[in-house]
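Single-structure report; data block below.
The values are calculated or read from the model by the stated rules, or taken from the named source; none is laboratory data. The shown structure was predicted, so the numbers you read here are calculated from the model rather than taken from an experiment. A quick note on method: Cβ atoms are made from the backbone with ideal geometry, for glycine too, and the neighbour counts reach across all protein chains shown. These area figures cover heavy atoms from the full protein model, side chains too; ligands, DNA and RNA do not enter into them. Shrake-Rupley method; radii C 1.70, N 1.55, O 1.52, S 1.80 Å.
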Amino acid sequence: MIACNECRRLREHCSEVARVRRRAYIEWEYWGRPVPSFGDEEARVLALGLAPGAHGSNRTGRPFTGDGSGDFLYPVLHEAGFASQPNSVSRDDGMRLKDLWISAVVRCAPPGNKPSPEEQRRCAHWLDEEIPLLRNLRVVVCLGRIAFDGLMAYEQRTGRLNSRSGFVFGHGAEYALPDGLMLIASYHPSLQNTNTGKLTKAMFLNVFKRARTLASLE
Ligand code: SF4
């Protein structure tokens, strides 16, 4: 997957961001490639995000690592018992996840954090290959509307769901899917949401505590 080159626009953007870099990270050698998922292969919970951040995981090579979204997410995962430490700064910072796998519907950083619908469809086959490998999976936490739509599309594409009628995105919304998976929707931990108080730490922690309960982890 890290050698995938199917989306020319996204690949060029990631490479350009990695070449120019942000002043604060001028000493970094950016990852600049599709970002692989991260976590516990035996996980019962999947956290599904949107796409890598240009100067976050496109820089560090690990989901939600090295940017504001990750600074909000990992302390919550640590408090909820999924992450070994609250700080996530680089691929070799010692972070371990337990019972959690983190992935995204698009694997390359898009300009303006906005992948096109076509790019979302093109990247979907990676998710199609990955989800069945998570053999203990019980709960999917969809981080944001695009991740929610991406999971719905996966369920329909793979014949598990006939119609998404009645499945409406909203923070804290829960659905039992026909294949036995539980879905929890959450606002995305973007700075836009966390800086404005649309998503608070307490709200986010409740989502992951609920995921533990639904996954029978307590
Ligand atoms: S977004 Fe997905 S499909 Fe497109 S180049 Fe990146 S990994 Fe490949």
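Things to note:
- Considering only 167, 144, 134, the residue lying farthest towards the positive end of the dipole of region 131-172 is 134, judged by Cα position with unit charges set on Cβ.
- Paired Rg and Dmax values of region 92-218, which use every Cα atom, in angstrom: 14.8, 43
- Estimated Rh, the chain: Kirkwood, alpha-carbon pairs, angstrom: 17.3 Å
- Here the scattering of region 160-218 is modelled by Debye summation over its C-alpha atoms, one equal scatterer each and no solvent; at q = 0.13, 0.18, 0.22 Å⁻¹ the log10 of I(q)/I(0) is -0.41, -0.71, -0.92.
- By the Kirkwood approach, averaging reciprocal distances over each pair of separate Cα atoms, region 108-179 gets a hydrodynamic radius of 13.4 Å.
- Ligands, DNA and RNA excluded, the heavy atoms of residue 187 present near 60 Å² of accessible surface to a 1.4 Å solvent probe.
- Extension gain, residue 85 to residue 4: 0.36 nm times the residue separation minus the Cα-Cα distance gives 26.1 nm.
- Ignoring lysines fewer than eight residues from residue 98 along the same chain, the ones with Cα atoms less than 26 angstrom from its Cα are 201, 209.
- Cα centroid of region 13-47 to Cα centroid of region 146-170, whole Å: 27 Å
- Förster-model FRET efficiency, 22 Å R0, residue 92 and residue 42, C-beta, rounded to 0.05: 0.50
- Taking all Cα pairs closer than 8 Å and separated by 6 or more residues, the relative contact order of region 9-148 comes to 32 percent.
- Extension gain for the segment residue 121 to residue 145, taken as residue separation times 0.36 nm less the Cα-Cα distance, is 7.1 nm to one decimal.
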